[in-house]
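Take a look at the structure below.
What follows is calculated from the coordinates using simple rules that are stated; it is not laboratory data. Computed from a predicted model, the values in this text were never measured in an experiment. Quick reminder, even Gly has a Cβ in these numbers, built from the backbone with ideal geometry, and neighbours come from all protein chains shown.
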Number of protein chains: 2
Amino acid sequence: MKVEVRISLKRDVLDPQGEAIRRVLTRLGYTEVSAVRVGKLMLLDVEGEEREHVRARVEEACRELLANPIIEDFEVRVL
Amino acid sequence: MKVEVRISLKRDVLDPQGEAIRRVLTRLGYTEVSAVRVGKLMLLDVEGEEREHVRARVEEACRELLANPIIEDFEVRVL
């Protein structure tokens, strides 16, 4: 199965990379862009038959390795 | 408007970061994960009234700055 993992910084965590991109966009003339937040998008191929089992395993992998639960939120979608 | 930008490596471009993550997952016991690809997810706040105009501007920003069109694909979604 294809599984999408979306990892984003928690709302109250500063995002200097996003802020740097926003500043460059402003300099390039994209002044209508008022904020940028940068996260990660992972696409996994996972062997398995049961969608719920696959989702639970990938959520476990997020907590253990893929995301940093202190500063990041994650969302798992079985496609 | 909130705009989501999904940036991923083109299919035939090697992804050493994804491959490293896959290897660690295997070592941790997630042997059912056979492939990992890592991309970027950006969330932009963009001022504007017309969805199509906003989408076109963000696509322009992708080509100019946010993505590397030689090795990456991008997808813009106005939320």
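Observations on the structure shown:
- Helix A:51-61 and the longest principal axis of the C-alpha atoms of chain A enclose an angle of approximately 60°.
- Degrees separating the helix B:16-27 axis from the principal Cα axis of chain B, which is the longest one: 40
- Of A:Thr26, B:Thr31, the sequence from fewest to most neighbouring Cβ atoms within 10 angstrom is B:Thr31, A:Thr26.
- Take B:Arg51, move 7 Å from Cα toward the beta carbon, and the resulting point lies 2.5 nm from the same point in each other copy, nearest first.
- Peptide A:47-56 is shielded by partner chain Cβ atoms: per residue, an average of 1 of them sit within 10 Å of its Cβ.
- B:Asp12 paired with B:Glu50, simple spin-label distance in nm, labels 7 Å along Cα-to-beta-carbon: 3.7
- Considering only chain B, the C-beta nearest to the rotation axis that sends B to A is found at B:Leu41, 2, the distance in whole Å.
- Cβ neighbours within 10 Å from other chains - mean over A:24-31: 4
- Order of B:Met42, B:Met1 - criterion: other Cβ atoms within 10 Å of each residue's Cβ, fewest first: B:Met1, B:Met42
- GluC sites (Glu not before Pro) restricted to DSSP loop in the stretch B:1-64 with at most 16 other C-beta within 10 Å: B:Glu47, B:Glu49, B:Glu50
- Shortest-first nm distances, A:Thr26 label point to equivalent points in other copies (7 Å, Cα→Cβ): 4.7
- Label point of B:Lys2 (7 Å along Cα→beta-carbon): distances to the other copies' equivalent points are 2.3 nm, sorted ascending.
- Rounded to the nearest 20 debye, dipole of the protein assembly as shown from Cβ charges on Lys, Arg, Asp, Glu: 280
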